[in-house]
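The values are calculated or read from the model by the stated rules, or taken from the named source; none is laboratory data. Bear in mind the structure is a predicted one, so any value in this text is a computation, not a measurement. Cβ atoms come from the backbone with ideal geometry, glycine included; neighbour counts cover every protein chain shown. These accessible areas exclude ligands, DNA and RNA; they are computed on the full protein's heavy atoms, side chains included. Shrake-Rupley method; radii C 1.70, N 1.55, O 1.52, S 1.80 Å.
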Amino acid sequence: MSIDFAAELLPGAQLHGTLAAMRALHPVAPARFGGREAFVITGHAALAEAFKDNDRFPPADAYRITIEPVQGVTFQTMEDEQHRLYRRLATPAFRSSAVEAMEQEGLARIAHELIDRLQGLRSADLAEAFTHRVAFLVISRMLGIPPWREDVFRDWAVGFLEFPRDPEHSRRCAALINEYLAPIIAERRREPRDDVISGLVLADADGHQLDDEEILAHIRLLFSAGASTTTDALGNLLWALLREPSLWEQLRAEPGLRANAIEELLRWETPVAVLPRISAPHAVEFCGVQIPPSTFTLFAMAAANRDPAVFEDGDRFDIHRDSSRKLLSFGPGPRLCPGMHLARRQLSVALDVLLDRLPGLRLADATGAEPRGALLRGPARLEASW
Ligand code: HEM
């Protein structure tokens, strides 16, 4: 019976062991996804090719099923010319002075505020207190949500992301987000400011502009694509570094190694471990394997990033390794993650602040902190003391 990647948690080495066994046999292997027949691409060369092949693996189809019913229509669920046009219209969400200001000072402020809240404590679940909060705060501050509404806004955003498990709750939360943001969009149309919503209101590509519903859908996209991914990356980073306390010490002593440690984490335990595509509506052949029409085909970055043909001793987390050029974690090709710069900056600033403010940080329960999940992979808890 093959593994169902939608259903199983596959904590720690279980996911990587399973994928390595598949990869050793062939770069494309049969699997299951949500009870259906599927294929999984595990080899690095095969996956790099698949990412660029919109004919055999059209990127939008899977998103139309998994996320569009609640998120709405965004460039993520479009193809080709339309995808390019709307991606340009949404650029202010990824590149604008508001994003730059967030990268320059906003990120450090958020990390410090969260550590300030731990004043007087010697231990906590850092997932609850820190890693599960940073990315949500980053997005809500880029949107210009006032501080007193941040907690309730985060609850709605978290609820919205429950779509696969609880579609009703997710829809209610999406409605609350819309209700809250609609008057702000109207206000920014009257009087633009230097924030992401104003950027989206003013965006113009070849004479096209975003209407209100499109702006709301692209804001929801920021949460679905940018919040849980970065949250899990940060959790994985802490787990990887704290499992071996000598690494924490080393990064404290040598700040120059930190950027490389982050790249290595993105290779070794990437939060988007397995990305579902749906193959073309006709049968396709890929790496000698016949894939039936419209079949779930899972892009296993977690496996390709450890392919021994590209990364020597790829199962080892090695903060000195030069991995960034061959990294597939941000999806090379026309869908290359537009938030990758912001994600890397979040990881970098959060790590600097934690190393500085909690120098004696130790994991209290390393097993409980193991990353789990395949589509999104990160620790549920990070019980730690300092
Ligand atoms: C470590 C954190 C992150 C990882 C590992 C990651 C990974 C990815 C991957 C693999 C893709 C390509 C998906 C595909 O080919 O279908 C992608 C696309 C995307 N990412 Fe990220 N991402 C991260 C953070 C972010 C952040 C912070 C944002 C926004 C603020 C963001 C926004 C997006 C969007 C909007 C897309 C869709 C691009 C398109 O369809 O053209 N991501 N990301």
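Kindly provide the helix-only [θ] at 222 nm of the chain, computed as the sum of -39,500 (n - 2.57) over DSSP H runs of four or more divided by all residues, to the nearest 500 deg cm²/dmol?
-14500 deg cm²/dmol
How high is the relative contact order of the chain? Use alpha-carbon pairs under 8 Å, at least six apart in sequence, and give a whole percent.
Value for the chain: 26 percent.
Placing +1 on the Cβ of each Lys and Arg and -1 on the Cβ of each Asp and Glu in the range 13-385, which of TRP248, PRO146, ALA182 has its Cα farthest towards the positive end of the resulting dipole?
So the residue we want is TRP248.
Return one whole number: the accessible area per residue of the chain in Å², for a 1.4 Å probe.
Ligands and nucleic acids excluded, the result is 42 Å² per residue.
Which of the peptides 65-78, 343-356 is most tightly packed, and how do the rest follow, judged by the mean count of other Cβ atoms within 10 Å per residue?
343-356, 65-78
Could you rank the peptides 134-142, 307-315 by their average count of other C-beta atoms within 10 Å per residue, with the highest value first?
134-142, 307-315
Suppose each label sits 7 Å from its Cα in the direction of the beta carbon; what would the LEU85-ASP315 distance come out to in nanometres?
Roughly 5.0 nm, to one decimal.
Of all the accessible heavy-atom surface of the range 13-385, with the other protein chains kept in place and a 1.4 Å probe, what percent is carbon and sulfur?
After summing per-atom areas, the C and S share lands at 52 percent.
Using every pair of alpha-carbon atoms in the range 218-366, split the distances into 5 Å bins beginning at 0 and state the percent of pairs per bin, rounded to integers.
2, 8, 16, 19, 18, 14, 10, 6, 3, 2, 1, 0
Please list, in order along the range 336-348, the HN-Hα scalar couplings obtained from phi with the Karplus expression 6.51 cos²θ - 1.76 cosθ + 1.60 (θ = phi - 60°), rounded to whole Hz, x for Gly and Pro.
Couplings: 2, 4, x, x, 5, 5, 4, 4, 5, 5, 4, 5, 5 Hz.
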